[in-house]
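Input: a single structure, listed below in structure tokens.
Derivation of every value follows stated rules applied to the coordinates shown; laboratory data play no part. Here the structure is a predicted model, which means the values were calculated and not measured. Cβ coordinates were reconstructed from backbone atoms using ideal geometry, including for glycine residues, and neighbour counts include every protein chain displayed.
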């Protein structure tokens, strides 16, 4: 799956999501329109309950919308089978979670290698995983398990895992929420570098001002709708100009 | 695709909660060990019972007149005994055989009488073909081919008639044309240890029976094989060779009630094994279900990373397979030790049944020895692995149905 520069990676139109909890219906998204192009470094912000994580889950093909259209890499998510959605996640998407969510019984190297193994990468996966860890400055932690790493180190390994499979789009749900200032800054700088040098598109769900400061585009959700979509003046897509 | 990282994931996952894993392995091991022990017992008891019924007169195979299976009449005789005996001599794997005929008769001494089935035997063959003759103690002597007017009876029968060795018995029996009678001299009183068996034994030579009854020739050739598992092969070979007008039947057809009893015992044993396997499988399913619930978020993450349902199933199956293998080793050691005890020391059924180790006219062995062999290895592993893999299917299916978004929201 190749992505051309400035290509539309995701397009949402009139996207809604209703959660049913017993007799109560909770409307998480109320008609979201959004377009994300390759190379963007985009933050979706908004208060708790505004629908940020729900939108990220829909884009990540982890959940299905109640109504509306959602195309990711030109494919309509609602028309994809469970298996096709798993394939999309495996080959085109990367995920970074707030709680790191590394596999606890695997080392950092193995966590990264695991995704490549799922992709069907052959014996070179070991070297590839090692390269990614080296590039992200994690080589000395390669043989450590998650419980032997700090929160910041774990999240960097999670980013390595997300980008090792060379995804087109990385979805990061509150990636800095559990990190102190220094670790958060270091992580964001690393992701920004991956965006600028490797052209990986990042979409964050966050209300962390540190992330917002790094983002070149900020989409604000309020009550399940896009309230504001702001392209920072300092920046253009693909980092033509930087803050 | 399942590679070495997936394998590490599965195997290391078993160490997350070592106590649970060890308990699961012990559970599987005990279950498969009991199953091995039960199989050893079933196999040993079955072999002993078949040997007992065959050696008590049935034979593993029997050549009879073709009408005998339907009519069961003692007046029927073999079509061509010489050819039938030649066929038996030509059959491989024959340990011994007895040539017999029977008539129904009445023994009398003074005013005491007893109805019996009088067996005409070839004495020198009977000692090899019948454990009743082989294992009994005899007061006086057993028959010889040259005996005329001689009879050997069981101890219970002798007591009932009030006779001793060298006494004469008045015999009335069903002859070919009319009721016949004769005076027979008691040359031996035979004691097997079973009053039931001793109440039925009344042997004369085959020539004597032919002379008194008028029925010519033998009515059956009972054949003992070296290995009871060769009954079907022996039957097939012999059925081709016996004269037309005669038939070959197995011990099951001679004594269908006892055969049904043996099959019933084996069936009950297998049912017991099945129940054990189900209980073990439910235990493993419960433990694996707990594993899936505990790892719900982690499995959701793996799903988010692109792992497919089939791969999740394989990962959980690998974990179950390892538990099954370890349980198989445990079961093999536990069950193997039990089976070895059964095979070498055995179970003393005299202690259970008392001195009367007989069922009807069938003399059982005083000990039951269990089956023991390489089958224990594959049986222990087979039961353990199949039960644990089957048990992992439901939890694995639950795992594949985890909705990543919902699981990650919690």
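Taking only Cα atoms, what is the 0 to 90° angle, nearest 10, from helix A:151-164's long axis to the longest principal axis of chain A?
Roughly 80 degrees, rounded to the nearest 10.
Measure off 7 Å from each Cα along the Cα-to-Cβ vector at residue A:69 and residue A:148, then give the distance between these two points in nanometres to one decimal.
5.2 nm
For the range B:22-107, just run the numbers: alpha carbon Rg, then divide by 2.2 N^0.38 Å, N being how many residues it has.
So the range B:22-107 has a normalised radius of gyration of 1.82.
Using only the Cα atoms, what convex hull volume per residue in Å³ does the range B:330-409 have?
Values: hull volume 13.4 nm³, N = 80.
With only Cα atoms used, the range B:330-409 gives 167 Å³ per residue.
Taking every residue in A:56-63, how many Cβ atoms of other protein chains lie within 10 Å of its Cβ, on average? Can you show the working numbers first?
Working: counts 1, 7, 1, 0, 4, 4, 10, 6.
Other-chain Cβ atoms within 10 Å of each residue's Cβ, averaged: 4.
Using a 10 Å cut-off on Cβ atoms, rank the peptides B:7-15, B:102-110, A:104-112, A:223-231 from the highest mean neighbour count down.
Output ranking for B:7-15, B:102-110, A:104-112, A:223-231: A:104-112, B:102-110, B:7-15, A:223-231.
Using only Cα atoms and rounding to the nearest 10 degrees, what angle (0 to 90) does helix B:256-294 make with the longest principal axis of chain B?
Tilt of helix B:256-294: around 10 degrees.
Can you compute the helix-only [θ] at 222 nm over chain A? Use -39500 (n - 2.57) per DSSP H run of at least 4 residues, normalise by all residues, nearest 500 deg cm²/dmol.
On the way: 7 runs with 80 residues, N = 243.
Mean residue ellipticity at 222 nm (helix-derived): -10000 deg cm²/dmol.
Any chance you could run the full-extension gain for residue A:210 through residue A:13? It's 0.36 nm times the residue separation minus the Cα-Cα distance, nm to one decimal. Before the final figure, lay out the partial values.
Numbers: separation 197, 0.36 × 197 = 70.92 nm, distance 2.90 nm.
Working it through step by step, the gained length comes to 68.0 nm.
Over the alpha-carbon set of the range B:101-187, work out the extent along each principal axis and list the three values in angstrom, largest first.
33, 30, 20
Calculate, axis by axis, the spread of Cα positions in chain A along the three principal axes, and write the results as whole Å, longest axis first.
47, 41, 37
Determine, from the Cβ-Cβ distance of residue B:165 and residue B:271 and an R0 of 51 Å, the FRET efficiency 1/(1 + (r/R0)^6), rounded to the nearest 0.05. The partial results should precede the final answer.
Details: r = 50 Å, r/R0 = 0.98.
Approximately 0.50, to the nearest 0.05.
So for the range B:162-267, averaging the separation of alpha carbon pairs under 8 Å that are six or more residues apart and normalising by length, what relative contact order in percent results?
About 16 percent, as a whole number.
Using the count of nearby Cβ atoms within 10 Å as a rough guide to exposure, how do A:141, B:381, B:268 rank from fewest to most? Can you show the working numbers first?
Numbers: A:141 22, B:381 18, B:268 12.
Starting with the residue having the fewest Cβ neighbours, the order is B:268, B:381, A:141.
From other protein chains only, count the Cβ atoms within 10 Å of every residue's Cβ in B:306-319, then give the mean. Spell out each step's value before the answer.
Values: counts 17, 7, 7, 3, 2, 3, 0, 0, 0, 0, 0, 0, 0, 0.
If you average over the peptide's residues, the count of other-chain Cβ atoms is 3.
Could you give the Stokes-Einstein D for chain B in µm² per second, using the C-alpha Kirkwood radius, 20 °C, 1.002 mPa s?
Reported coefficient: 85 µm²/s.
Pulled fully out, how much extra length does the chain show between residue B:181 and residue B:257, if you take 0.36 nm times their separation in residues and subtract their Cα-Cα distance?
Values: separation 76, 0.36 × 76 = 27.36 nm, distance 3.33 nm.
Length gained, residue B:181 through residue B:257: 24.0 nm.
For the pair residue B:71/residue B:135, report the inter-label distance in nm, with labels modelled 7 Å from Cα in the Cβ direction.
Result: 3.4 nm between the two label points.
For an R0 of 45 angstrom, estimate the FRET efficiency from the Cβ-Cβ distance between residue B:341 and residue A:127 and round to the nearest 0.05. Provide the component values of the computation, followed by the final result.
On the way: r = 56 Å, r/R0 = 1.24.
Once the sixth-power term is evaluated, E becomes 0.20.
What whole number of Å gives the distance from the Cα centroid of the range A:90-115 to the Cα centroid of the range B:122-187?
89 Å
If the elastic network links every pair of Cα atoms under 10 Å, which of B:312, B:368, B:171 fluctuates the most in the Gaussian network model of chain B?
The residue with the greatest mean-square fluctuation here is B:312.
Would you mind listing how long the range B:185-271 runs along its three principal axes, going by Cα atoms, in whole Å with the largest first?
Principal extents (largest minus smallest coordinate, Cα): 52, 39, 22 Å.
Please find the FRET efficiency linking residue B:386 to residue A:223, where r is the Cβ-Cβ separation and R0 is fixed at 60 Å, and quote it to the nearest 0.05.
Numbers: r = 55 Å, r/R0 = 0.92.
It comes out at approximately 0.60.
Given springs between every Cα pair under 10 Å in a Gaussian network model of chain A, which of A:199, A:60, A:120 has the largest fluctuation?
A:120
How fast does the range B:229-332 diffuse by Stokes-Einstein, in µm²/s, taking the Kirkwood radius from C-alpha pairs at 10 °C and 1.306 mPa s? Walk me through the numbers before you get to the answer.
On the way: Rh = 19.0 Å.
Value of D from the Cα-based Kirkwood radius: 84 µm²/s.
With a Cα-only, solvent-free Debye model of the range A:1-97, what are the log10 I(q)/I(0) values at q = 0.12, 0.24 Å⁻¹?
Computed log10 I(q)/I(0) values: -0.39, -1.45.
With Kirkwood's inverse mean 1/r over C-alpha pairs for Rh, give me the Rg to Rh ratio of the range B:67-244, two decimals please. Each step should come with its number before you reach the end.
Values: Rg = 16.7 Å, Rh = 16.9 Å.
In the range B:67-244, Rg relative to Rh is 0.99.
Between the range B:311-334 and the range A:9-70, what is the C-alpha centre distance in whole Å?
Measuring centre to centre over Cα atoms gives 42 Å.
Report, in deg cm²/dmol and to the nearest 500, the calculated mean residue ellipticity at 222 nm for chain B, where each DSSP H run with n ≥ 4 adds -39500 (n - 2.57) and the sum is divided by the residue count. All intermediate terms of the calculation are to be shown ahead of the outcome.
Working: 17 runs with 227 residues, N = 410.
The helix-only estimate for chain B comes to -17500 deg cm²/dmol at 222 nm.
As a test of understanding, state the convex hull volume per residue of the protein assembly as shown from its alpha carbons, in Å³.
Details: hull volume 141.5 nm³, N = 653.
Output value, Cα hull per residue: 217 Å³.
Considering Cα pairs under 8 angstrom that are at least six residues apart, work out the relative contact order of the range B:67-244 and quote it in whole percent.
Working: 370 pairs, mean separation 57.8, N = 178.
Computed value for the range B:67-244: 32 percent relative contact order.
Hey, rough spin-label estimate for residue A:230 and residue B:15, points 7 angstrom out along Cα→Cβ, what's it come to in nanometres?
Once both label points are built, they end up 5.1 nm from each other.
What percent does the relative contact order of the range A:1-104 come to when contacts are Cα pairs within less than 8 Å and at least six residues apart? It would help to have the intermediate numbers written out before the result.
Working: 139 pairs, mean separation 30.1, N = 104.
This gives 29 percent for the range A:1-104.
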